[in-house]
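Input: a single structure, listed below in structure tokens.
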Amino acid sequence: MSHWTPTTRQPRLVRAMTLFELLVVLTILAILSTVAVVSTETVISRGRFEATERTLQAIEEAILGPAPYLAEDGALATSGFVADMGRLPRDLSELWERGEPPDDLLEFGYWVADDDGEVTVPSGWRGPYLRLPFGAQGVRDGWGKEFELTLEYNSLDSIVVEKFMVRSDGPDGPPGNPDAIPQELVIVDQAEGIDRAHATVQVTVWQEGENGELEVPSGTGELIVQLFRREEGIVQSFFPTDEEGNPTAPTALAHLTSAPLFHFYHVPIGPHVLRAYVYPEGSQGSDSLRKSDPLQVHVHPLRSTSWKLVLPPDATGDAGPGTDSGDENDDNPEED
């Protein structure tokens with residue numbers, strides 16, 4: 001016969017952590033906490049950097065407009081502050097408010113040129129071009145600081161912009177701190193050969209022949225071309241120049257053997273109007289003998305554009321020395 005004999009259970013001894021082990025655990029926890037904090041700060045800093053990039057892109061689009069689009073006449077058109085106003089903003093606030101407008105911040109409309117009542121130029125403020133967050137008084141970078149605007153003009157010509165840059169100095173501002181990590185939007189920097197707000201316009205002038213073909217202008221008188229754009233509140237006319245900005249002399253028709261080519265430099269992007277005139281020699285102040293139809297053109301950023309103007313036939317009946325070979329662009333599309 002078997003008997004069950006109870007056994008006495010021995011208590012289990014639990015060894016406590018030594019001071020050294022406790023220090024090791026605390027050290028590991030401190031390292032993990034530090035890594036987590038650094039990782040979080042990196043993520044936050046990266047988010048602020050990307051927010052600043054997005055804001056700079058929005059400012060760029062507000063100033064230069066989005067990608068060119070097709071206008072009603074099928075030509076590529078541009079929009080944005082420069083296209084509407086014919087100049088760069090003097091302060092970033094002009095992108096979202098008119099404030100107390102001077103003459104050149106009038107609302108958008110079609111403005112008649114003082115020099116030619118048949119020429120109208122679309123121009124004027126039709127913003128806001130940049131929409132601010134609800135309750136915001138201005139545009140700020142990802143660190144909550146205002147952007148710095150650099151706007152410098154040519155010392156010899158107050159209209160020509162030498163530099164236009166929008167800058168954020170990141171978390172290590174204020175501006176000028178050598179430890180700052182800047183983010184920049186450069187639209188114009190003539191010293192570096194950068195100008196994204198202006199282009200060169202080339203104009204070739206032809207004459208309509210008896211059968212509708214294009215021929216070299218002929219007859220008597222002097223030929224000039226004018227570009228109309230709105231600036232400082234009025235529609236002004238501009239004459240062709242050379243690369244140094246010197247006005248091009250009128251072209252005498254009597255001895256032309258090829259269609260003359262004219263250049264306009266530093267033309268703001270956006271819509272403008274071109275027109276050719278023939279005046280009696282030495283008498284530009286009198287009525288023109290002939291003139292082409294006004295041609296509205298859309299100047300695009302980062303490219304030179306070429307256009308064609310056609311004078312009506314010469315009333316004297318003098319035949320031109322040559323006709324268009326047919327290689328010229330028809331219906332005035334742009335050429336690269």
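A few comments on the model shown:
- When the stretch 149-173 is limited to residues that are acidic (Asp, Glu) and touching a Gly at 6+ places or on another chain (Cβ under 9 Å), the one that is farthest from residue 95 (Cα to Cα) turns out to be 157.
- Selection within the stretch 224-250 - farther than 30 Å from residue 108 by Cα and either buried (at least 21 other Cβ atoms within 10 Å of the Cβ) or among the small types (Gly, Ala, Ser) (or both): 249
- Taken over the stretch 190-234, the criterion of being over 17 Å from residue 290 (Cβ atoms), of a type outside the set (D, E, K, R) and more than 17 Å from the chain's Cα centre (by Cα) is satisfied by 191, 202, 211, 227, 228, 233, 234.
- If you go through the stretch 171-204 and keep only what is among the small types (Gly, Ala, Ser), touching a helix residue (DSSP H, G or I) at 6+ places or on another chain (Cβ under 8 Å) and either within 24 Å of residue 307 (Cβ to Cβ) or modelled with pLDDT of 80 or more (or both), you end up with just 197.
- Residues of the stretch 189-219 satisfying the condition of being assigned to a strand (DSSP E or B) and either of a type in the set (A, V, I, L, M) or touching a Phe, Trp or Tyr at 6+ places or on another chain (Cβ under 6 Å) (or both): 194, 199, 200, 201, 203, 205, 214
- Scanning the stretch 209-223 for residues that are surrounded by 17 or more Cβ atoms within 10 Å (Cβ to Cβ) and in contact with a strand residue (DSSP E or B) (Cβ under 6 Å, 6 or more places away or on another chain) gives 209, 214, 215, 217, 221, 222, 223.
- Single residue of 130, 223 found to be farther than 17 Å from residue 58 by Cα and either modelled with pLDDT of 90 or more or of a type in the set (Phe, Trp, Tyr) (or both): 223
- Filtered by the rule that a residue be more than 18 Å from the chain's Cα centre (by Cα) and polar (S, T, N, Q), the stretch 116-159 gives 120, 137, 154, 155, 158.
- Output for the stretch 220-248, where each listed residue is touching a residue at least 24 places away in the same chain (Cβ under 8 Å), part of a loop (DSSP other than H, G, I, E, B), touching a His at 6+ places or on another chain (Cβ under 9 Å) and within 14 Å of residue 276 (Cβ to Cβ): 240
- Criterion violated by residue 143 - all others in (1) assigned to a loop (DSSP other than H, G, I, E, B); (2) modelled with pLDDT of 90 or more satisfied: (2)
- Condition met for residue 244 (more than 17 Å from residue 309 (Cα to Cα) and out of contact with any helix residue (DSSP H, G or I) (no Cβ under 7 Å at 6 or more places or on another chain)): yes
Quick grid of which residues meet (1) free of Cβ contacts under 8 Å to residues at least 24 places away in the same chain; (2) acidic (Asp, Glu); (3) surrounded by 15 or more Cβ atoms within 10 Å (Cβ to Cβ); (4) not in a loop (DSSP other than H, G, I, E, B):
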| position | (1), (2), (3), (4) |
| --- | --- |
| 110 | yes, no, no, yes |
| 118 | no, yes, no, no |
| 121 | no, no, yes, yes |
| 127 | no, no, yes, no |
| 130 | no, no, yes, no |
| 136 | yes, no, no, no |
| 162 | no, yes, yes, yes |
| 166 | no, no, yes, yes |
| 187 | no, no, yes, yes |
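The values are calculated or read from the model by the stated rules, or taken from the named source; none is laboratory data. None of these values were measured; they are calculated from a predicted model. Cβ: placed from backbone, ideal geometry, glycine included. Neighbour counts: every protein chain shown.
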